[in-house]
Amino acid sequence: MKILIADDDPQLLRLLEMTLEAWGYEVAAASDGAEAWEALQAADAPPLAVLDWVMPAVDGVTLCRRIRAAPCLRHMYLILLTARRNREDIIEALEAGADDHVGKPFDRAELRARVDVGARVMRLQSDLAARVRELEEALSRVRELQGLLPICSYCKRVRDDQNYWHQVEAYIHARLDTRFSHNICPECYESVVKPQLAEARAAQRG
């Protein structure tokens, strides 16, 4: 998973970068809040960020507010890195949109635990979004089947949007992943199969 880190202290920024990379994360580094905001405009913006609270241009709390106000970024997981520990500051950070905070200077074990939690939350969100897309696609296919289907009066094949004709089983299976178990209904057995069996027996006797 890719993580954005932002801190105006070059040494701390490099330490953060090396630490997160050692844990297997891909890291995008920014030296202040303005640079971090610019990095988030990219199509492949990281889903998780560790942001210093006090930075020039745009501080971490302001950056949190900007991210939460942006429709394409508001689902990011945000961790504020701060030396501020009092209750009022923590409340301010959470109200600004931060999901978590880590004390500065940071403890490696604590940072790893909190970053791993954020990564797990983002993976769950990604999985949930994928499931929602699958359900939306399934509903779209159901609506398509509920509409008017062109079907041949003789062979009973169904015509798709590209003007190709398909067996009913193949058409439904492609849209709903439904499998068919073929059988013979009683009416068809009496009107079709039974006479055919009688003809076959008669032919054998003759």
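The values are calculated or read from the model by the stated rules, or taken from the named source; none is laboratory data. Everything numeric here is computed off the predicted structure, so don't read it as measured data. Every residue, glycine among them, receives a Cβ derived from its backbone with ideal geometry; neighbour counts consider all protein chains shown.
Criterion applied to PRO47, PRO56 was being touching a residue at least 60 places away in the same chain (Cβ under 8 Å) and not β-branched (Val, Ile, Thr), and the one residue passing it is PRO47.
Criterion applied to HIS166, HIS182, HIS173 was being surrounded by 10 or more Cβ atoms within 10 Å (Cβ to Cβ) and modelled with pLDDT under 75, and the one residue passing it is HIS173.
Residue-wise test of (1) among the basic types (Lys, Arg); (2) modelled with pLDDT under 95; (3) surrounded by fewer than 18 Cβ atoms within 10 Å (Cβ to Cβ).
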residue: ILE5; (1), (2), (3): no, no, no
residue: GLY33; (1), (2), (3): no, yes, no
residue: LEU40; (1), (2), (3): no, yes, no
residue: ASP44; (1), (2), (3): no, yes, yes
residue: ALA70; (1), (2), (3): no, yes, yes
residue: ARG74; (1), (2), (3): yes, yes, yes
residue: ALA96; (1), (2), (3): no, yes, no
residue: HIS101; (1), (2), (3): no, yes, no
residue: PRO105; (1), (2), (3): no, yes, yes
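When region 135-160 is filtered for residues that are under 29 Å from the mean Cα position of the chain (by Cα) and at pLDDT 70 or above, the ones remaining, listed by number, are LEU135, GLU136, GLU137, ALA138, LEU139, SER140. Screening ASP107, ASP59, ASP99 for residues that are under 17 Å from LEU4 (Cβ atoms) and either over 21 Å from the mean Cα position of the chain (by Cα) or not assigned by TED's automatic domain parsing to the domain that holds GLN11 (or both) leaves exactly one candidate, ASP59.
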